[in-house]
Amino acid sequence: MRRNLAIVPAFNEADSVAQTVVAIHQHAPGFDVLVVDDGSLDATAERAAQAGAEVLRMPFNLGIGGAMQGGYMYALDHGYEIAVQVDGDGQHDPHHIADLLQALHSDPELNMVTGSRFLSASGDGFQSSAARRAGIRIFSMVVSRITGQRVTDPTSGFRMTNRRGIELFAHDYPHDYPEVEAILLMHAHRLRSCEIPVVMRPRLTGVSAISSTQSVYYMVKVLLAVFVGLFRRRPTLEPNDRPAVLAESAT
Amino acid sequence: MSHITLQRGLAIALTSGLLLLVFELVRRKRLSERYAILWLLAAVTLFVLAVWKGLLTSLASDVGISYPPSLLFVVAIGLIAMILLNFSLAVSRLSDQNKILAQRLGLLQQRVERSEALANRLAPDDGRASADDAESEQAQPVATEKLSSGR
């Protein structure tokens, strides 16, 4: 059995998910592929299975945070050492998985490597709209200030974690719009992360999870979570610790 | 004086109605005690304030409210805000638990399908295995249908 897992969250992406799965198998042969079908109403799960992926079906739409956490739970249960998130809509180029892996292996202290759109000098490829870049820059400033290291693309979901990261995220992962908070979660648990440049492509199908009307909610929600998070004490989670999820500790 | 009596009569009727309603819902087990406690507290407090006129008046003058029924509203709004916050807590906890259940269900389903496929490959001629399989094939669309109609 392989030790590396690519987690592909997909919601109604029947047209592109098979392509993503095949591309991962082709460009990252050392990785098993798990498609997390987040309550799709189309044939996403069937297409993914036909393309040779394991499929985790959520009984209804949990949102990206809940779906990804399900993927990390799978990785934890099945003993994977490395997990990489690759979006099912084709934005993340599986070519870069090898780069992420190399970066993660280059430093044994590292627990997470994120592919950043904004590090590549050329700046070509898919860069998203001006408004969205402005939002990302605000998050970038906030996250860089809190973590004390430069974070250029805190909203990038193209990231790879080692076993410690898998353990952490399987137990505690933010609900919606999780990427920014996940970096801070890592930081709070004193795990190390870094970024490497990647080129992202325009999505093949579907629409962004974040419409323009939702982006205000996005900004407010994430900034609130970041701010409140500063006042939350999160002791470093060891593998045998009780999960930090509120629901499991509630009476 | 008569319109104040009317107001008091209305306040007493409404608060005792609320008290009875909460009691009846708990008695029929439609409302669990856990969530009824705050409602009962609110209903009893308001009822006492409505019935015991001297208390409301003296409390109102203590805090400098010249129109005593306003104090009733202040207290009522405070209690209702408490109840609503309590509900938000309950909803947050339920959605957390719901998420965990959905994730666990997905993981279990994947495991079951995996082992059924494996069992089928190991013993394809076993009548029992294929019967199980047919059953699960049938169960699948029904479950999906139920969930999607629930949206």
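We did not get these values from a lab; they are worked out from the coordinates using the rules stated. Just so you know, these numbers come straight off a predicted model, no measurement behind them. All Cβ positions, even for glycine, are placed from backbone atoms using ideal geometry, and neighbour counts span all protein chains on display.
Some points to look at:
- Computed helical MRE - 222 nm, chain A, DSSP H runs ≥ 4 contributing -39500 (n - 2.57), nearest 500: -13000 deg cm²/dmol
- Averaged over B:94-102, number of beta-carbon atoms from partner chains that fall within 10 Å: 6
- Evaluated with a Cβ-only charge set (Lys, Arg +1; Asp, Glu -1), region A:48-120 carries a dipole of roughly 220 debye about its Cα centre, given to the nearest 20.
- Positive minus negative residues near A:SER116 (Lys, Arg vs Asp, Glu; Cβ under 9 Å): -1
- Taking Cβ atoms as reference points and 14 Å as the exclusive limit, the residues near A:THR161 contribute a net charge of -2, counting Lys and Arg as +1 and Asp and Glu as -1.
- By average C-beta atoms within 10 angstrom, highest first, the peptides A:52-65, B:15-28: A:52-65, B:15-28
- Taking the charge dipole of chain A about its Cα centre, with +1 at Lys and Arg Cβ atoms and -1 at Asp and Glu Cβ atoms, the residue from A:VAL33, A:PHE11, A:GLN149 reaching farthest to the positive side is A:GLN149.
- Shielding by partners, peptide A:35-43 (average Cβ within 10 angstrom, other chains): 2
- Exposure proxy order (Cβ contacts within 10 Å, fewest to most) of A:THR155, B:THR45, A:THR161: B:THR45, A:THR155, A:THR161
- In plain terms, the residue of A:TYR217, A:TYR72, B:TYR35 with the fewest other Cβ atoms within 10 Å comes first and the most crowded comes last, giving A:TYR217, B:TYR35, A:TYR72.
- Dmax and Rg, reported as Rg then Dmax, of chain A (C-alpha, Å): 17.0, 54
- Net charge over other residues, Cβ less than 10 angstrom from the Cβ of A:ARG57 (K, R count +1; D, E count -1): -3
- For region A:9-83 versus region A:148-204, the gap between their alpha-carbon centres in whole angstrom: 18 Å
- Given charges at Cβ of Lys, Arg, Asp, Glu: chain A dipole, positive-most of A:VAL180, A:ALA53, A:LEU168: A:VAL180
- Estimated FRET transfer efficiency (B:LEU10, B:VAL91; beta-carbon r; R0 35 Å; 0.05): 0.60
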